[in-house]
Amino acid sequence: MRNFSFGSLLYIAAVSSQLGAAQNCPILGPAYPAVTNVAAPNLQAAKARFEKALESVNRSSTSFAVQVYSAHDDKLIYETYHTAAAQVGAATVGPDTIWRLLSISKAMTVYAFLARLGDNYWNEPITKYVPELADVPFRDPIRDVNWAEVTLGSLAGQSSGLTRDYSLRDLTTLQSDIPGLRELKDSEIVKCGSVGGLRPCTRQEALQMIMKTYPWAPSTSTPNYSTMAFQLLAYAAENITGESFPDIITNQLIKPLNLTRTSVPIPINDTNTVNYPAGIWNVDLGDLSPGGGYSSSATDLSTLGRSILRSTLLPRLVTRRWLSPIIHSGSLVFSMGRPWEIMRHPVPATLTSNVTRNADVYTKQGGGGVYTTLLALSPDHDIGVSILTSGDATQGDFNTIRKAFLDVWVGAAEEAAREQAVEKFAGSYGGNGAGDNSSMVVGVMDGEPALFVSELVSNGTDFLKFLAETSYGGLGGKKGTVGLWLYPMRLVDEREKAEVEGRVTGRVAFRGWPGVVGERPAVDCGSWAESDRLRWGNYPGDLYVFEAEGGKNARAVENPGMGRTFRRV
C-alpha cells in the first residue's frame, strides 16, 4: 500500500481547502428532500402571510389568478382569484378563466419542441432547417447576422445575438413620420406584423424582414430578448417534423396534459376570458405566436408546470438539462435558460434566520398591454406558481404578487422540508449489536440549512475528530468543534424489492461536508470542490444512505467507506 508523506498531506490540504472554508457551505440544490405533504403546517401557515402581502394590490383595477402547486399532489397548495371592478370580460375570474400568456408562450414552445424532438438539435445551425437563411451573405459583422453561428439552442436560450422583433416594435406600424429619424422608402415601411391593425406577416414576408435585421451581438456572447427567435425555432421544428407548429403544440402538450382551456390561437368567442381591451385580446400574431401568442387558464398553466417538475412528458435527464442555466446576465442574481429567466433567490434557513442559501427559481414572465403573467418553478422544493394579472396598471401589482411568492411560499416550502427531514431522518443511530462501538447523531443546527451530524463513531473511532486532525476534513487549519452537514444528492432508490435482490428499498443518498461549528454559513464558498475527500478502496467516505422504506421514517444509515450500517436507536 502506498504511504503519503506528511508533506504530501499538507499540500493536498492547502490546495483543496482554498475553495472551501470549514463552514456550512451549501451546494447547488436542495437542503432537504422536497416536502411531499401539501397540507404541511408550514404551508398552511403561509396562506395568511401571503394574503397579508397581497393587501397592497389595487383590486379596483387589477384582476388576478394565483395558484401555488406541488409536484407531489394534484391538489393545489393555495389558490386565489379576484375580479377587478373595471371591465375584464369574464363575469367572475376563476381557475378556468382564459388569459393571454404572452411570453410564457416561449416556454411552451421549447417544451413542445423537447417533447417532440428532444434536445439533440440544440447545437445545430438554424441555416440547416431554415435554408433561406443560408443564402444570406455575411460581409459586415456590424450590419449582417452571421446565421451560420446561430444555433437552435441559442434561439431557445435568448443568446442567439438576434434583435428583439422585426415588426412588433417597429414604429412605422403606428405612424409614417417621426422628426429626427431618416426618411424611408415605401418598401422600407413595415406593412404587416399584427399591431396597428395590420395583418400577420406571411412566412416569406417575415423572413425577408428577419434577413434584413442588424445583429445585436455575436451569438452566445450575451443574452438579449428576442421574440422572433422562437418563430425561427418553430420553423425549424416544422422543417424537421413535417408538421405545423400549432399541431406540435396540440399533440405534444395540449392533448397529453388535457389542457382544455389552452388555445392556439386566441379563443375569440369564449365568454370566460379576460379580454379587455378587445384591441389587445384580438391580436393575431400568426407565425410569431410561438413567441407570445398562446392563451391559457390558471389551472392549465399549473398542470403544465407540475408536468415539468414531474418529468411527465420528458425523460428526467432531459428535464435536468432543461432546468439549467446556459448563460449569465449582467446581474449577480439572474441567469438565462431555454428560455428560463432564472432568479437566484436567497432562501432563509428558517423563517426567523438571517442565514440564507441560494435557490434557483426557473421563471418565464409574459408582459404586454394590460397583461402580466408568470410561470415559476422551484426544483429545489418541487413547487411552482401560476400568476395571471390584467389591468391598466398591472405591473406594480404583479411585482407584489411575484415577490410574495418568492418570500412567502419558497421560504415556507424550505421550512416544511426541514421539518419533514427532521421527522424522517434525525435521531440517534447505533451499531449492529453488542460489541459494536458505533454511533451517529443526526439533527439540525439552529438557523442553518441542511441536516447536521454532531456525533460519528465507527467501531470505536471518532470520525469527526479524525476529520478535524487530518487533511481529509478540508478545514484549512481552523480549530473548534467539528460536525458534518448533510445535503441530499437527489439519488433515490425506489425500486421494488424484487429488483434489488433483497436489499432495502426507499434509500436516499446524502453527502457530508465537514465544518467547524460556529463559523457563519457562506454562500460564496466552493462546496462543489470539497466533496469526496475521503475514499477507501474506491468506497466513498462522505456518502450517507438513509434507508426509509415505504416513505416511513429512516431506520438505518449506511456509510460505504466505513463498511457500516448504523441502526436507529
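The values are calculated or read from the model by the stated rules, or taken from the named source; none is laboratory data. Here the structure is a predicted model, which is why all the values come from computation and not from measurement. Methodologically, a virtual Cβ is constructed for each residue, glycine included, from the backbone with ideal geometry; neighbour enumeration extends over all protein chains shown. Side chains included, ligands, DNA and RNA excluded: accessible areas come from the protein's heavy atoms. Shrake-Rupley method; radii C 1.70, N 1.55, O 1.52, S 1.80 Å.
Odds and ends about this structure:
- Considering segment 153-165, the residues that are of a type outside the set (S, T, N, Q) and assigned to a loop (DSSP other than H, G, I, E, B) include one that is nearest to GLY118 (Cα to Cα), namely GLY157.
- Only listed residue being at pLDDT below 95, within 28 Å of THR303 (Cβ to Cβ) and surrounded by fewer than 19 Cβ atoms within 10 Å (Cβ to Cβ), chosen from PRO256, PRO265, PRO277: PRO265
- When we screen LEU168, LEU181 for residues that are among the hydrophobic types (A, V, I, L, M, F, W, C), part of a loop (DSSP other than H, G, I, E, B) and free of Cβ contacts under 8 Å to residues at least 12 places away in the same chain, the only hit is LEU181.
- Extreme residue, farthest from the chain's Cα centre (by Cα), among residues of segment 348-360 that are hydrophobic (A, V, I, L, M, F, W, C) and buried (at least 24 other Cβ atoms within 10 Å of the Cβ): ALA349
- Against the test of being under 20 Å from PRO339 (Cβ atoms), out of contact with any strand residue (DSSP E or B) (no Cβ under 9 Å at 6 or more places or on another chain) and hydroxyl-bearing (Ser, Thr, Tyr), the options THR163, THR151 yield a single qualifying residue, THR163.
- Here VAL283 clears all of (1) over 20 Å from GLN395 (Cβ atoms); (2) in a loop (DSSP other than H, G, I, E, B); (3) open to solvent by less than 40 Å² (accessible area, probe 1.4 Å) except the condition numbered (1).
- Any hit, segment 41-60, residues being open to solvent by less than 60 Å² (accessible area, probe 1.4 Å), modelled with pLDDT of 95 or more, more than 30 Å from LYS424 (Cβ to Cβ) and touching a Gly at 6+ places or on another chain (Cβ under 6 Å): no
- The sole residue among THR241, THR227 that is within 24 Å of TYR111 (Cα to Cα), surrounded by fewer than 17 Cβ atoms within 10 Å (Cβ to Cβ) and polar (S, T, N, Q) is THR241.
- Among (1) under 28 Å from MET336 (Cα atoms); (2) crowded, with 20+ Cβ neighbours inside 10 Å, the one test that VAL190 misses: (1)
- Verdict on SER160 being farther than 30 Å from PRO277 by Cβ, in contact (Cβ under 8 Å) with a residue 60 or more places away in the chain and open to solvent by less than 70 Å² (accessible area, probe 1.4 Å): yes
- Scanning segment 192-206 for residues that are assigned to a loop (DSSP other than H, G, I, E, B) and out of contact with any Cys (no Cβ under 7 Å at 6 or more places or on another chain) yields a total of 5.
- Close pairs (6 angstrom Cβ cut-off, 6 or more residues apart or separate chains): within 16 Å of ALA48 (Cβ to Cβ) and part of a strand (DSSP E or B) in segment 64-81, of a type in the set (D, E, K, R) and open to solvent by 10 Å² or more (accessible area, probe 1.4 Å) anywhere: TYR78/LYS47
- Qualifying residue in segment 290-301 (condition: acidic (Asp, Glu) and touching a Lys or Arg at 6+ places or on another chain (Cβ under 6 Å)): yes
- Evaluation of ILE142 against (1) open to solvent by less than 90 Å² (accessible area, probe 1.4 Å); (2) in a loop (DSSP other than H, G, I, E, B) (one fails), failing number: (1)
- Hits in segment 204-217 - residues which are open to solvent by less than 90 Å² (accessible area, probe 1.4 Å), in contact with a Gly (Cβ under 6 Å, 6 or more places away or on another chain) and either within 10 Å of ARG143 (Cα to Cα) or not aliphatic (A, V, I, L, M) (or both): PRO215
Table: residues versus (1) acidic (Asp, Glu); (2) in a loop (DSSP other than H, G, I, E, B); (3) without any contact (Cβ under 8 Å) to a residue 24 or more places away in the chain.
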position: GLN208; (1), (2), (3): no, no, yes
position: THR220; (1), (2), (3): no, yes, no
position: PRO223; (1), (2), (3): no, yes, no
position: GLN231; (1), (2), (3): no, no, no
position: ALA234; (1), (2), (3): no, no, no
position: GLN252; (1), (2), (3): no, no, no
position: LEU257; (1), (2), (3): no, yes, no
position: ILE266; (1), (2), (3): no, yes, no
position: ASP270; (1), (2), (3): yes, yes, no
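- Residues of segment 64-78 that turn out to be open to solvent by less than 20 Å² (accessible area, probe 1.4 Å) and either among the hydrophobic types (A, V, I, L, M, F, W, C) or at pLDDT below 95 (or both), as a count: 6
- Any chance VAL523 is at pLDDT below 90 and either assigned to a loop (DSSP other than H, G, I, E, B) or open to solvent by less than 70 Å² (accessible area, probe 1.4 Å) (or both): yes
- Residue check, SER438 open to solvent by 60 Å² or more (accessible area, probe 1.4 Å) and either within 22 Å of PRO26 (Cβ to Cβ) or in contact with a Lys or Arg (Cβ under 8 Å, 6 or more places away or on another chain) (or both): no
- Residue within segment 435-458 that is at pLDDT below 85 and either in a loop (DSSP other than H, G, I, E, B) or hydrophobic (A, V, I, L, M, F, W, C) (or both) present: yes
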